[in-house]
Amino acid sequence: MESTLSIARSFARSRVMPTLSMNELTTYRWPLEEDIRRYAAAGYEGIGVWRQKLADYGEEAAVDLIAESGLRVTNLLWAGGFTGSCGRTPEESIQDAIQAIRLAGALGAGCLVIYPGGRNFHIYRQAERLLRGALDQLLEYAADVEVALAIEPMHAACAADWTFLTDVESTVALVESYRTPFLKLVFDTYHFGHDQAVLANLPELAPHIGVVHLADRVEAHALDQHRRRLGEGRLHLAEIVRGLVDAGYTGDFDVELIDSQLDESEYENVLTASLDYFERVLAPVSGERS
């Protein structure tokens, strides 16, 4: 496992252009083994892994299966709930996160996505204190296995029990306060791809990003997210992707299309169309650098 992990990290450091992975939440109804087989066949180099599918398959066997597939784990979803909003005590959530960090290390994941938990009747400062208390413990474990924790802020209309962090600016401030390469953030285009203030500051944001979650949007933000296919919504995804690359971002882009209206029969087309879209978007940038 160590040699595989070292090779994956050396490869990651040597890459100039970013790559695209497919998140298992997109193909929600496929089991892990079908995700792996179909993603690889479609031409993907990476996979965004959902812990539930690993548990369904068996974690140890799943780690081996992914390693044998050649797919690189760009991000592992998820750990968190430190405010108690998910029904666990903060300590139980911390212990679960420690297990998730170890799993992310075994997978050679680029990062572990962290959802801090909703306000849960706390004032903001108390919720932040609970998050910082958890991070103070977890960052040591993350450093030991060399996996970054990536905190994901969400639009306020979608956050609910997931996170009390509802803007990019405060999340960046939190990340910067720790001064460690093992704490980053998730930039999700569904949540903040419309925010001109954020998009105007991509050069400042890029160094703090652990992974970019890609989805388009048509309707207003809502708790039941309708994340549309790339290029089929109102967001200027091409400009966002190119802007991040121009700003020096060399990390991963992960397609996360959570949509109850997306039928299993459409999954194959989503795989192909997403990869085609991404390659078209990056073609001008690649040409400039060749």
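The values are calculated or read from the model by the stated rules, or taken from the named source; none is laboratory data. Quantities reported herein were computed from a predicted structural model and do not represent experimental measurements. Cβ sites come from the backbone with ideal geometry, for glycine too, and all protein chains shown count toward neighbours.
Overview of values
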read-out: Subset tally (residues that are hydrophobic (A, V, I, L, M, F, W, C) and either part of a helix (DSSP H, G or I) or in contact with a His (Cβ under 7 Å, 6 or more places away or on another chain) (or both)) for region 20-42; value: 5
read-out: Near pairs, Cβ below 9 angstrom, 6+ apart or cross-chain, from region 28-53 (without any contact (Cβ under 8 Å) to a residue 24 or more places away in the chain) to any residue that is charged (D, E, K, R) and buried (at least 17 other Cβ atoms within 10 Å of the Cβ); value: D35/E24; D35/K53; Q52/E24
read-out: Every residue from region 57-108 that is assigned to a loop (DSSP other than H, G, I, E, B) and either buried (at least 17 other Cβ atoms within 10 Å of the Cβ) or not β-branched (V, I, T) (or both); value: G58, G70, L71, G81, F82, T83, G84, S85, C86, G87, R88, G108
read-out: Set S260, S290, S286: member being at pLDDT below 95, surrounded by 12 or more Cβ atoms within 10 Å (Cβ to Cβ) and small (G, A, S); value: S286
read-out: Number of positions in region 203-220 that are out of contact with any helix residue (DSSP H, G or I) (no Cβ under 9 Å at 6 or more places or on another chain), part of a loop (DSSP other than H, G, I, E, B) and in contact (Cβ under 8 Å) with a residue 60 or more places away in the chain; value: 0
read-out: Failed condition for T250, given (1) without any contact (Cβ under 8 Å) to a residue 60 or more places away in the chain; (2) surrounded by 13 or more Cβ atoms within 10 Å (Cβ to Cβ); (3) in contact with a Lys or Arg (Cβ under 9 Å, 6 or more places away or on another chain); (4) in a loop (DSSP other than H, G, I, E, B); value: (1)
read-out: Members of region 142-158 that are surrounded by fewer than 21 Cβ atoms within 10 Å (Cβ to Cβ) and part of a helix (DSSP H, G or I); value: A143, D144, V145, A156, A157, C158
read-out: Flag for G105 being touching a Lys or Arg at 6+ places or on another chain (Cβ under 9 Å) and in contact (Cβ under 8 Å) with a residue 60 or more places away in the chain; value: no
